[in-house]
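Below: one structure, written as structure tokens.
What follows draws every value from the coordinates through simple rules; no lab data is involved. Every value quoted in this text rests on a predicted model; they were computed, and no experiment measured them. In this analysis, Cβ positions are derived from the backbone assuming ideal geometry, glycine residues included, and neighbour counts consider all displayed protein chains.
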Amino acid sequence: MTKITPDFAEELKKYGDDTALICFNCGTCVAVCPLISESFPRRLIRYIQIGARDRILEHADELWKCLHCGLCTQTCPREADPGEVILSLKRLTVATWRNS
Amino acid sequence: MFTPRTIMELLADNVRKTRNPFGLNKAGLNSWWKDSPVNQDGETLLFTGLMYQLVPYIKAATRYLEKYEDTPAADYLRYGKFIPKPLVNLGLKGISSRDDRSEFNTILCNIVKILQSSGVSFGYHPELDEYSGVLLYDMGDQENFVEHARYVAEKLQAAGIRKLITVDPHTTYALKVLYPKYTGISFEVQTYFELTSLHSGDVSSEVTLHDPCFYGRYLALADVPHDLLSGLGVHCEPINTSGAFTTCCGGPAESISPRLAEEVGRRRVAELQATGRPIVAMCPICLAHLQKSGAQVEDLSSILVQFVA
């Protein structure tokens, strides 16, 4: 059972770009991502959209696999800036760790 | 994979206490300039950001990380921040290679020769040359990044520095884009190759350029080294994954997962080697990681210095 946090996207604005909600999950970012694993970063953006905050934090270590290479941002047809969204999630996770 | 929180807290602790991510003594880390005649004065400063100097230590540390990834011993890294910094310094110095330190110091000396031969007026002041903090930013440690960036920017500002010449993409991005945004302090920032003006000589060669992500995408500077080399008679064999669509060398993942970094690096090397031309990098992280992934790679400065009269 995953708890849903409906205002999660709003909370994330404190940590960076406000672009996750404009993504339409086409998967271009997954196709170009050098990690080639488990639908990264599309899956994480989808979690933001549905408010699955806890799900992201449970598997937060995965965020640091991101190389911050920016290829997903370069190719995103919606200019949803997936690279910066991942960076925002890292900042949110670090703040959560340090406040816990 | 190592625990990101452990790695990040270790790096942040080192930056807070020593102003560099490895906890190294700066006098020992930054000694290349002693072999290079450079003025100390001037409002234009050569700013290395210590990245080339750090690479021999990154290579040494990664060799150990590779051994312990996903083993029970990896957990002991969390105690790293309790080791006194002089001991860390001694240990890293001991395991890093003298040849590596010499190779990366020579690159900086070559860059000085290139700038001087191009008629660029600049100074170098080792006291003002600091690590930019960019790794903290990439890891999401915004609080420590901003604190460190303010320290560096205010120090440069107090010394009357207005223009900076940079030598690597990560430091360039930090100073040009992140510092104005997060510290409110701006400098005029240019890479050394934007200022390079050399004459074509007898050297004729063909290369394949590996554009780093930060020059290719974030700073949109990939055309500059390409055009510079073409103007000197060096043919750059085109590849599809270049410029804004370049692909990562894998180096940035080394501290979190050497295994992942190796996999990404192997794929990039295959793309670059497909041309059959010598590979040229222009970022210390890319240079070291592509070499580690099995490629013969030279730094851009090693090509350019051949045209210095």
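What are the ³J(HN,Hα) couplings of region B:194-206, residue after residue, when phi is run through the Karplus curve with 6.51, -1.76, 1.60 and θ = phi - 60°? Round to Hz, x for glycine and proline.
Along region B:194-206, the couplings run 6, 9, 6, 9, 10, 9, 4, x, 7, 6, 9, 8, 10 Hz.
Starting at 0 and stepping by 10 Å, how many percent of the alpha carbon pairs of chain B end up in each bin?
Per 10 Å bin, starting at zero, the Cα-Cα P(r) for chain B comes out as 6, 27, 37, 24, 6, 0 percent.
Taking 0.36 nm per residue of sequence separation and subtracting the Cα-Cα distance, how much length would be gained by fully extending the chain between B:E237 and B:N39, in nm to one decimal? Please list the in-between numbers first.
Working: separation 198, 0.36 × 198 = 71.28 nm, distance 3.75 nm.
The span from B:E237 to B:N39 would gain 67.5 nm if fully extended.
What distance in nm separates the simple spin-label points at B:K155 and B:S200, each placed 7 Å from Cα in the Cβ direction?
For the pair B:K155/B:S200, the computed spacing is 4.4 nm.
Which residues in region A:79-100 place their backbone N less than 18 Å from a point set 7 Å from the Cα of B:V177 along the Cα-to-Cβ direction?
A:79-91
Would you order A:K90, A:K14 from fewest to most other beta-carbon atoms within 10 Å of each residue's own beta-carbon? Can you show the working numbers first?
On the way: A:K90 25, A:K14 11.
The most exposed by this proxy come first: A:K14, A:K90.
Which cross-chain or sequence-distant (5 or more) residues have an amide H under 5 Å from the amide H of B:V189, H modelled 1.01 Å from N in plane?
Distant-sequence amide H within range of B:V189: B:L164.
Search the structure for amide H atoms under 5 Å from the amide H of A:A52, placed 1.01 Å from N in the peptide plane, and list their residues when 5 or more places away or on another chain.
A:T5
Just flag the GluC sites (Glu not before Pro) in region B:209-309 sitting in loop per DSSP whose Cβ has no more than 15 other Cβ atoms within 10 Å.
Numbers: sites: B:E254, B:E262, B:E263, B:E271, B:E298; in loops: B:E254.
In loop regions of region B:209-309 (DSSP not H, G, I, E or B), there are no sparsely surrounded GluC sites (Glu not before Pro).
Quick one: how many lysine pairs in chain A have C-alpha atoms under 21 angstrom apart, if they're 8 or more apart or on different chains? Before the final figure, lay out the partial values.
Values: A:K3/A:K13; A:K3/A:K90; A:K13/A:K90; A:K14/A:K90; A:K65/A:K90.
Value for chain A: 5.
Residue-wise, which Karplus ³J(HN,Hα) couplings in Hz belong to region A:76-88, taking 6.51 cos²θ - 1.76 cosθ + 1.60, θ = phi - 60°, and x for glycine or proline?
Karplus-based 3J(HN,Hα) across region A:76-88 equals 5, x, 9, 6, 7, 6, x, x, 6, 5, 4, 4, 4 Hz.
Mind checking the mean number of beta-carbon atoms from other chains within 10 Å of the Cβ atoms in B:258-264?
For peptide B:258-264, the averaged partner shielding equals 2.
In straight Cα distance, which lysines are under 21 Å from B:K17, not counting same-chain residues fewer than 8 positions off?
Qualifying lysines at Cα under 21 Å: B:K26, B:K81, B:K85, B:K93, B:K155.
Taking each residue in B:138-145, count the Cβ atoms of any other chain within 10 Å of its Cβ, then average. What number comes out?
Numbers: counts 6, 7, 16, 5, 8, 4, 1, 1.
The mean count of partner-chain Cβ atoms within 10 Å per residue comes to 6.
Counting Lys and Arg as +1 and Asp and Glu as -1, what is the net charge of the other residues whose Cβ lies under 15 Å from the Cβ of B:F307?
Summing Lys and Arg as +1 and Asp and Glu as -1 gives -3.
Using the crude model of +1 on Lys and Arg Cβ and -1 on Asp and Glu Cβ, and no other charge, please compute the dipole size for chain B relative to its Cα centre, in debye to 20. Don't skip to the end; give the middle numbers.
Numbers: 29 positive and 35 negative charges, 160 e Å.
In total the dipole reaches around 780 debye.
Nothing charged except the Cβ atoms of Lys and Arg (+1) and of Asp and Glu (-1): what's the magnitude of the dipole of the protein assembly as shown about its Cα centre? Round to the nearest 20 debye.
Details: 42 positive and 48 negative charges, 191 e Å.
My answer is approximately 920 debye.
Which one of B:Q306, B:I239, B:C286 is farthest out on the positive end of the charge dipole of region B:198-307, using unit charges on Cβ (Lys, Arg +1; Asp, Glu -1) and the Cα centre as origin?
About the Cα centre, the residue reaching furthest to the positive side is B:C286.
Which net charge results when you count Lys and Arg as +1 and Asp and Glu as -1 among the other residues whose beta-carbon is under 12 Å from that of A:T28? All intermediate terms of the calculation are to be shown ahead of the outcome.
Details: positive: A:R42, A:R78; negative: A:E79.
Overall, the nearby charge balance is +1.
So what's the net charge close to B:L232: Lys and Arg +1, Asp and Glu -1, counting the other residues with Cβ under 13 Å from its Cβ?
Working: positive: none; negative: B:D202, B:E206, B:D227.
Local net charge: -3.
What is the packing order of peptides A:76-82, A:1-7, B:161-167, B:201-207, taking the mean over residues of other C-beta atoms within 10 Å and listing the highest first? Mind showing how you got there, number by number?
Working: A:76-82: 19.0, A:1-7: 10.0, B:161-167: 21.0, B:201-207: 12.0.
Highest-to-lowest ranking by the protection proxy: B:161-167, A:76-82, B:201-207, A:1-7.
Using only helices, what value at 222 nm comes out for chain B when you add -39,500 (n - 2.57) per DSSP H run of length 4 or more and divide by the total residues, to the nearest 500 deg cm²/dmol?
Working: 14 runs with 143 residues, N = 309.
It comes out at -13500 deg cm²/dmol, rounded to the nearest 500.
If we sort B:211-217, A:92-98, B:227-233 on the protection proxy, mean other Cβ atoms within 10 Å, highest first, what's the order? Before the final figure, lay out each step's value.
Numbers: B:211-217: 26.3, A:92-98: 17.4, B:227-233: 15.7.
Per-residue Cβ counts within 10 Å, averaged per peptide and sorted highest first, yield B:211-217, A:92-98, B:227-233.
Enumerate the calculated ³J(HN,Hα) couplings along region A:13-30 in order (Karplus 6.51 cos²θ - 1.76 cosθ + 1.60, θ = phi - 60°), each rounded to whole Hz, writing x wherever the residue is Gly or Pro.
Taking θ as phi minus 60°, the curve returns 4, 5, 10, x, 4, 9, 10, 4, 6, 8, 5, 10, 6, 6, x, 4, 4, 5 Hz for region A:13-30.
Mean residue ellipticity at 222 nm from the helices of chain A, using -39,500 (n - 2.57) per DSSP H segment of n ≥ 4 over the full residue count, to the nearest 500 deg cm²/dmol?
Working: 6 runs with 48 residues, N = 100.
About -13000 deg cm²/dmol.
Given points 7 Å out from each Cα along the Cα-Cβ axis, report the A:H59 to A:I4 separation in nanometres with one decimal.
Result for the modelled spin labels: 1.9 nm.
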